[in-house]
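Comments concern the structure below.
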Amino acid sequence: MKKIALLLSLFACSAQAETPQQILASLVAQSGPASIVRGEKLFRGKSSGGKNADSCTACHTDDAKAVGAHVKTNKVIDPLAPVAQKDRFTDPAKVEKWFKRNCNDVLGRACSAQEKADFTAYMISLK
């Protein structure tokens, strides 16, 4: 009986996992076509409205494939790009959670659906 419960829970978890491309498709459905160029500008751009950082690169470094560190707590942050961190952009709830937190921290506001799509497209494009 325990084996069946374990198998069912593993199946339920894997059924919810998505690919970064599926996450992007969902965001594009809300926003329209995504732009890798705009996504890179968002990642590298400076903001004066942020609560904890003035750019994404403040914590994630200029290389989204590298390990970063939180600008205030110095806590290690795994690479942001899916090519370097396989579980990035695979869980819709986590994607939304981190966009909410990080957009607020960097921009001082929520990201638009277009910004989320652009940012995700850029991260997926990194090889």
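Kindly put Arg38, Arg44 in sequence by how many other C-beta atoms sit within 10 Å of each C-beta, fewest to most.
Numbers: Arg38 17, Arg44 13.
Neighbour counts put them in this order, fewest first: Arg44, Arg38.
As a footprinting exposure proxy, order Leu126, Leu80, Leu42 by other Cβ within 10 Å, with the fewest listed first. Please report the intermediate quantities before stating the final value.
Working: Leu126 17, Leu80 27, Leu42 22.
Fewest to most other Cβ atoms nearby, the residues stand as Leu126, Leu42, Leu80.
Compute the distance in nm between two label points, each set 7 Å from the Cα along the Cα-to-Cβ direction, one at Lys127 and one at Asp91.
With each label point 7 Å from Cα toward Cβ, the separation is 3.0 nm.
Counting only C-alpha contacts under 8 Å and six or more residues apart, can you give the relative contact order of the chain as a whole percent? Intermediate values should be presented prior to the final figure.
Values: 191 pairs, mean separation 44.8, N = 127.
RCO, the chain: 35 percent.
Considering only the other residues whose Cβ falls under 11 Å of the Cβ of Ala34, what net charge follows from Lys and Arg at +1 and Asp and Glu at -1? All intermediate terms of the calculation are to be shown ahead of the outcome.
Working: positive: Arg38, Lys116; negative: Glu115, Asp118.
Net charge in that neighbourhood comes out at 0.
At 25 °C and 0.890 mPa s, grab the translational diffusion coefficient of the chain from Stokes-Einstein with a Kirkwood Rh over Cα pairs, rounded to a whole number in µm² per second.
Estimated via Stokes-Einstein, D reaches 160 µm²/s.
Counting other beta carbons within 10 Å of each Cβ, put Phe43, Phe119, Phe99, Phe89 in order, fewest first.
Working: Phe43 21, Phe119 28, Phe99 18, Phe89 25.
If I rank by nearby Cβ atoms, fewest first, I get Phe99, Phe43, Phe89, Phe119.
For Lys116, give me every one of the lysines with a C-alpha distance below 30 angstrom, ignoring sequence neighbours fewer than eight places off in its own chain.
Filter leaves Lys41, Lys46, Lys51, Lys65, Lys72, Lys75, Lys86, Lys94, Lys97, Lys100, Lys127.
How far apart, in nanometres, would the label points at Arg109 and Ala66 be if each is projected 7 angstrom from Cα along the Cα-to-Cβ direction?
3.1 nm
Report the extension gain between Arg101 and Lys75 in nm, rounded to one decimal, defined as 0.36 nm multiplied by the number of residues separating them, less their alpha carbon distance.
Taking 0.36 nm per residue and subtracting the Cα distance, the gain is 7.8 nm.
In degrees, nearest 10, range 0 to 90: what is the angle between the Cα axis of helix 20-31 and the longest Cα principal axis of the chain?
Relative to the chain, helix 20-31 is tipped by roughly 60 degrees.
Between Ile77 and residues 5 or more places away or on another chain, which pairs have amide H atoms under 5 Å apart, with H built 1.01 Å from N, and which residues are they?
Sorted by chain and number, the residues that satisfy this are Gly68, Ala69, His70.
Any read-out appearing in this document is the output of simple, stated calculations on the displayed coordinates, not a laboratory observation. Just so it is clear, the structure is predicted and the values come from calculations on it, not from any experiment. Every residue, glycine as well, gets a Cβ built from its backbone with ideal geometry; the counts of neighbours run over all protein chains shown.
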